[in-house]
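Novice: Below is a structure I'd like to ask you about.
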Amino acid sequence: MANPKKPAEKILKFPKSFRWGASTSSYQIEGAANEEGRAPSIWDRFCQLKGRVNHGHNGDVACDHYHKYPEDVRLMQQLGLDCYRFSIAWPRLLPRGRGQVNLAGLDFYDRLIDCLLEKNIEPWPCLFHWDLPQALDDLGGWSNRDMAGWFADYTLLCARRYGDRVKHWASFNEFSVFTLFGYAWGWGAPSISDRAYHLKTIHHVNLAHGAAVDVLRGQNAGFAIGGIHSYQPVRPQKNVPEDIAAANLFNEHWNLAFPDAQILGHYPPQIAEAIDPYVQAGDMARICRPLDWFGLNHYAPMYGRADPEMIWGFGWGEVPAELPRSGVGWPMQPQAFSDSLQELTRRYRLPIYVTENGYGNEDKGDKAAELEDQARVDYLRSYIAAMSQALADGANIAGYFVWSLLDNFEWGAGYGTRFGIVYVDYATQQRIPKASANWYAELIKKQRK
Ligand code: FCB
């Protein structure tokens, strides 16, 4: 039930050109992990480590989207989506990360893209949503500078194969998140915790991004290219110098290390100093290539505090008690979203596509409650209202993709956390639109009138 005391936020009218979509990613939905030539990614390996993923879950089957994509595309059409953001699984196309191409993998995305286009839905592939081929990790992964060239080769393969039908391309999903979690804190694949490794990774991922932009541009000057960034304002837990300094460094790492380098051509100050030994002459120009849009994934404000136990000395602070929380405990504050949209408009001067925003909850096993997901409706309504206000106040926002189309494999949380607007019954693979899916479809419909 919606809170009767709380007036519903007003969603202002969006321009006709505004794009509405939904997002997913390959490892989280495809399944078919061992089918038709796909080789393991670092996430397949990570899931095998004891105790790393809740309930020992993995992406072997996930939502079986690899086989059920026609049904999923039909769902997107029923929702009235303009565009669909998905990711291409590198280890499905190039099982060893480079060299021998897996034709069955290439065919899969051909079928998916054609199916989307038949239903008038624009495909928005992202080239990297964390499922690095294990074979490349064995060669040092992102700590190896050669990765930039290997990523460029993989990008060329995709651009040549799909570029006749795909216009919008994203290089990476959430640069800062997978590098911090995977290579600094060790909480995500490939579970490394090492300062030098992390710094090299930041720089090489940036180089790979720049190389991919050049490849795409060279293939077709009409492509619309962007990178996807997690941007959440970082606030000090307490107003004391050590927490303020920690929040500052947290902000450099989480929010600035990648977009500042890619769009402004320099690293934020503290990272610039630390990363200097790995930067070669001409690198910043290789990283900073012209882009067409900025992908923003936004969920919640963050609180940082000094924590000497953590690798960079900053850690997660407590969320103020007065802030309401989502079903996974993330603070909810739509104002932080509109502030971020304004801040990013000013800082990077690119049209923003909100490429992820959504509400997660723990699955308590009550299917009826999952389908009547009023809390998700309330979240989406208040966040989309904040976005419409930001737009009216001058932020440059061109589209919005909800995370996620389907409940799916939520990384370390496994299948116990649901973010979908469509419910997935994992035992039967049945899809059922939740109240939030119906609400989102209505919103899109109203915007078209
Ligand atoms: C983002 C990820 C996405 C999903 C959501 C909930 O950080 O990009 O894959 O896990 O969070």
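The values are calculated or read from the model by the stated rules, or taken from the named source; none is laboratory data. If you're wondering where the values come from, they're calculated on a predicted model, not measured in any experiment. Heads up, the Cβs are rebuilt from the backbone with ideal geometry, glycines too, and the neighbour counts pull from every protein chain shown. Note: accessible area is taken over every heavy atom of the protein model, side chains too, but ligands, DNA and RNA are not part of it. Shrake-Rupley method; radii C 1.70, N 1.55, O 1.52, S 1.80 Å.
Novice: How do the pairs read when you match residues in the range 125-145 that are at positive phi with residues anywhere that are open to solvent by 20 Å² or more (accessible area, probe 1.4 Å) and at pLDDT 95 or above, using Cβ under 7 Å and keeping only pairs 6 or more apart or on different chains?
Specialist: The qualifying pairs are Gly141/Pro190.
Novice: Condition test on Gly315, is it over 20 Å from the mean Cα position of the chain (by Cα), closer than 30 Å to Gln389 by Cβ and not in a loop (DSSP other than H, G, I, E, B)?
Specialist: Here the answer is no, as Gly315 does not meet what is asked.
Novice: Return the residue satisfying two criteria in turn: it lies in the range 336-370 and is within 16 Å of the ligand (Cβ to nearest atom) and assigned to a loop (DSSP other than H, G, I, E, B), and of such residues it is farthest from Trp403 (Cα to Cα).
Specialist: By that ranking, first place goes to Asp363.
Novice: Can you tell me which residue in the range 108-153 is farthest from the ligand (Cβ to nearest atom), limited to those that are assigned to a helix (DSSP H, G or I) and among the polar types (S, T, N, Q)?
Specialist: Ser143
Novice: Please count how many residues of the range 9-60 are open to solvent by 10 Å² or more (accessible area, probe 1.4 Å), of a type in the set (Val, Ile, Thr) and closer than 23 Å to Leu116 by Cβ.
Specialist: Going through the range 9-60 one residue at a time, the tally reaches 0.
Novice: Considering only the range 184-192, I want to know if a residue exists there that is part of a helix (DSSP H, G or I), open to solvent by less than 10 Å² (accessible area, probe 1.4 Å), within 16 Å of the ligand (Cβ to nearest atom) and closer than 21 Å to Ala274 by Cβ.
Specialist: yes
Novice: Considering only residues that are more than 16 Å from the ligand (Cβ to nearest atom) and open to solvent by 10 Å² or more (accessible area, probe 1.4 Å), which ones fall in the range 398-416?
Specialist: Ala398
Novice: Considering Phe14, Phe46, which residue is in contact with a Ser or Thr (Cβ under 7 Å, 6 or more places away or on another chain) and more than 29 Å from Gly399 (Cα to Cα)?
Specialist: Selected residue: Phe46, the only one of Phe14, Phe46 that is in contact with a Ser or Thr (Cβ under 7 Å, 6 or more places away or on another chain) and more than 29 Å from Gly399 (Cα to Cα).
Novice: Right, another one. Would you say Gly105 is within 16 Å of the ligand (Cβ to nearest atom) and more than 26 Å from Gln280 (Cβ to Cβ)?
Specialist: Spelling it out, it is not the case that Gly105 is within 16 Å of the ligand (Cβ to nearest atom) and more than 26 Å from Gln280 (Cβ to Cβ).
Novice: What residue, among those in the range 78-102 that are within 18 Å of Gly31 (Cα to Cα) and in a helix (DSSP H, G or I), is farthest from the ligand (Cβ to nearest atom)?
Specialist: Leu93
Novice: List the number of the failed condition for Glu242; all other conditions in (1) more than 16 Å from the ligand (Cβ to nearest atom); (2) free of Cβ contacts under 8 Å to residues at least 24 places away in the same chain hold.
Specialist: Tallying (1) more than 16 Å from the ligand (Cβ to nearest atom); (2) free of Cβ contacts under 8 Å to residues at least 24 places away in the same chain, Glu242 fails exactly one: (2).
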